[in-house]
Amino acid sequence: MCMNNKNMDDYIKFFKDKPSKKNPETDKFINTYQQKSGLYISLANAVMKNDSTKCDSRQREYCEKLLGWKKEEAKEKLAQLLGLKENELTEVEPLVIKIEKEQAEPNQKWHLFVSWFGWKKSEGKEPRISSAPCPELWLWMFEASGLFSDDEINEIFTAAKEYREAQNRFNDARKKWNKVKNKYRIRLEEEMR
């Protein structure tokens, strides 16, 4: 099996104009299983409250940079950081965010472009996207890509749900989740030409 291992810029180009909304399985998953804390949630909380101390310490410097941007120029600055023109980055407002799982917020496009890629680009790092553990982010990428059938999205949803619900068999659930995620990630990357 060939592992393409697309880089961050490949993902940025592929997902820059994908819809942040109208992904019903992702929204359903977030309504029940959205993580309660951690990197993207704490960054969203810090941005929402304009308080970098609410941010996970690993993202504090990046958060302070974000909060230093003027609201009217934040999208342009994020686009530049990501190597895009402002009009190429759709449906992402770096400093306009809320945390409402019933509304599937923060949306996963914000999660990918602001909390993950923006952070890594700001630090000058090239993360391996395959190491991103968050099921809601992966579910959104698979669903928003438009490449997978309803049955395939259901398989991904089920593995993500089992992973989040796992208590005493967490390692087994994580292994299953990673196996399903990687199977579809490889196919996604093959289509990113």
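Observations, loosely collected:
- Number of the condition not met by residue 66 [criteria: (1) touching a residue at least 24 places away in the same chain (Cβ under 8 Å); (2) under 16 Å from the mean Cα position of the chain (by Cα); (3) open to solvent by less than 40 Å² (accessible area, probe 1.4 Å)]: (2)
- Residue, modelled with the highest pLDDT, within segment 80-102, restricted to residues that are under 16 Å from the mean Cα position of the chain (by Cα) and in a helix (DSSP H, G or I): 82
- Any hit, segment 57-66, residues being under 21 Å from residue 192 (Cα atoms) and among the aromatic types (Phe, Trp, Tyr): no
- Cβ pairs under 9 Å, 6+ apart, first in segment 176-193 and free of Cβ contacts under 8 Å to residues at least 40 places away in the same chain, second among the β-branched types (Val, Ile, Thr): 180/156; 180/158
- Within segment 21-40, the set of residues being crowded, with 20+ Cβ neighbours inside 10 Å and aliphatic (A, V, I, L, M) comprises just one member, 30.
- Members of segment 93-110 found to be among the charged types (D, E, K, R) and open to solvent by less than 30 Å² (accessible area, probe 1.4 Å), listed by number: 105, 109
The values are calculated or read from the model by the stated rules, or taken from the named source; none is laboratory data. This structure is a prediction, so every number in the text was calculated from the model and none was measured. Glycine also receives a Cβ, built like all others from the backbone with ideal geometry; neighbour counts cover every protein chain displayed. Side chains included, ligands, DNA and RNA excluded: accessible areas come from the protein's heavy atoms. Shrake-Rupley method; radii C 1.70, N 1.55, O 1.52, S 1.80 Å.
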